[in-house]
Amino acid sequence: MEPELTIIHAGRPGRLEGRLGEVLSAALEGRKLSYERAEGSLQNRRILFAFSLPEGGVNCGLCGLLAWLRTHPGCLRGSVGGIVIDGAGDLYTKAAGRELVLAANLAGCAFPGRPLTEATGSLRNFTVQAKNAGCDLMGAYRLAVRDLADRVLNFTPPRRTRPRLLVLHASSRRTSNTLDLWSRCRERLGGACEIREIGLRNGTLEDCGGCPYTTCLHYGEQGGCFYGGVMVQEVYPAIREADAVVLLCPNYNDALSANLTAAVNRLTALYRTVSLEDKAVFAIVVSGYSGGDIVASQAVSALCLNKGFWLPPKACLLETANDAGAALRLPGVGERLERFSQGILDSLLASGGIAE
């Protein structure tokens, strides 16, 4: 029997109106659908979150949904989701989408790679897709929504008997709270997983210089990148072999560190030639003061929304610690590390299900 796709949107249950409603109606024709509000439990569902954004970029219904998800951390356990954001202007759609992905993920929802379909007011963000598909911009929008719905309905997390984890960091072991937390996770995971760590310290990684598409594609087809170095020699081969990537992300000025950002940028050559959809992404984020959610959303946006890694439930561990060694002294941190480590195993092992 065909699974049901649950449509979550603002307002009363029922079909949407306007451009978003027209696109959903055309793209999802023939599907078994239910239209609901995000109240109560929505566990074990296939969900498409669909919202329109006015020119100012603020949808009160979306704000209410974010508040609900953030205060009900298990309400989406076992669910798989995708997001459609339809904007009246050319700004704010990506920001709204990645904020919703993080909130839903922390509430227990998994996401396939590239789970966000965003339509700006002009639809010019579909220019390349329309050209490739031989259709107009609205047609490309409908095709994108149909493809997303198919991937949400058909998504099954890859399972492995002994998952291979790649851990990327750019921190000093002497002072890093992020590495301290990872070391405790590694103790819990080492018996069940093969683990490889690659440090991207200063001086070892050159950032992407923005090669033309054809140049990037050419080097990608050769298994490399114009700029070479540690990315080509170590990171690319390790990602090809990995079942999951764990990013260790200290908060630097409310952003990923420079070398982690450079590594993400340099993944483009690999992404152009290798599907990454069967690889999961996890992150450990430590902030000295605040802003961990900003860094986590960047990590999720970079690898899941853009590069196509799938996002297991509760894929980010967020902690606040300043002085060296402080993270391991946080109240309750041992229990949180245990849940995070077990979540990795539940998401990747052959015996697991979609974890809480």
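Of 320, 268, 127, the residue with the greatest mean-square motion in the GNM of the chain, using alpha carbon springs below 10 Å, is 127. Would you mind classifying segment 1-63 by shape? Square roots of the alpha carbon gyration tensor eigenvalues, ordered a ≥ b ≥ c; an a/c under 1.5 is rounded, otherwise it is prolate if a/b is larger than b/c and oblate if not. The shape class here is oblate. In whole percent, how big is the carbon plus sulfur part of the accessible area of segment 272-356, probe 1.4 Å, protein atoms only? Summing carbon and sulfur atoms, their accessible area is 47 percent of the total for segment 272-356.
Counting only protein heavy atoms and a probe of 1.4 Å, the accessible surface of segment 17-76 is 49% carbon and sulfur. Taking only protein heavy atoms and a 1.4 Å probe, the accessible area of segment 93-141 is 52% carbon and sulfur.
A protection proxy built from the mean count of other Cβ atoms within 10 Å ranks the segments 240-249, 189-198, 103-112, most packed first, as 103-112, 240-249, 189-198. Between 0 and 90 degrees, the angle of helix 137-154 with respect to the longest Cα principal axis of the chain falls at about 60 degrees. Please compute one quarter of the surface area of the Cα convex hull for segment 287-356 and express it in square nanometres. Taking a quarter of the hull surface, the average projection is 5.5 nm². Solvent-accessible area per residue in the chain equals 44 Å², computed with a 1.4 angstrom probe and all protein chains kept. Here segment 45-181 is described by how far its Cα atoms reach on the three principal axes: 53, 34, 34 Å, from widest to narrowest.
Using a Gaussian network model of the chain whose springs link C-alpha atoms within less than 10 Å, name the residue from 23, 84, 230 with the highest mean-square fluctuation. Looking only at 23, 84, 230, the biggest GNM fluctuation is shown by 230. With the helix formula -39500 (n - 2.57) applied to DSSP H stretches of n ≥ 4, the chain reaches a computed 222 nm mean residue ellipticity of -10500 deg cm²/dmol.
Highest mean packing comes first when the peptides 42-53, 68-79, 305-316 are listed by Cβ atoms within 10 Å, giving 305-316, 42-53, 68-79.
Listed by chain and number, the aspartates and glutamates placed with their C-alpha closer than 18 angstrom to that of residue 307 are 99, 118, 147, 207, 221, 241, 243, 277, 278; residues fewer than eight positions away on the same chain are left out.
Consider all pairwise Cα distances in the chain and report the whole-number % of them above 29 Å. Percentage above 29 Å: 40.
Taking Cα atoms only, the orientation of helix 93-106 departs from the longest principal axis of the chain by about 70 degrees.
Helix 333-348 and the longest principal axis of the C-alpha atoms of the chain enclose an angle of approximately 60°.
The values are calculated or read from the model by the stated rules, or taken from the named source; none is laboratory data. Quantities reported herein were computed from a predicted structural model and do not represent experimental measurements. Neighbour counts are summed over all protein chains in view; Cβ atoms, including those assigned to glycine, are modelled from backbone coordinates with ideal geometry. When the accessible area is computed, the model is the full protein with side chains, heavy atoms only, and any ligands, DNA or RNA have been set aside. Shrake-Rupley method; radii C 1.70, N 1.55, O 1.52, S 1.80 Å.
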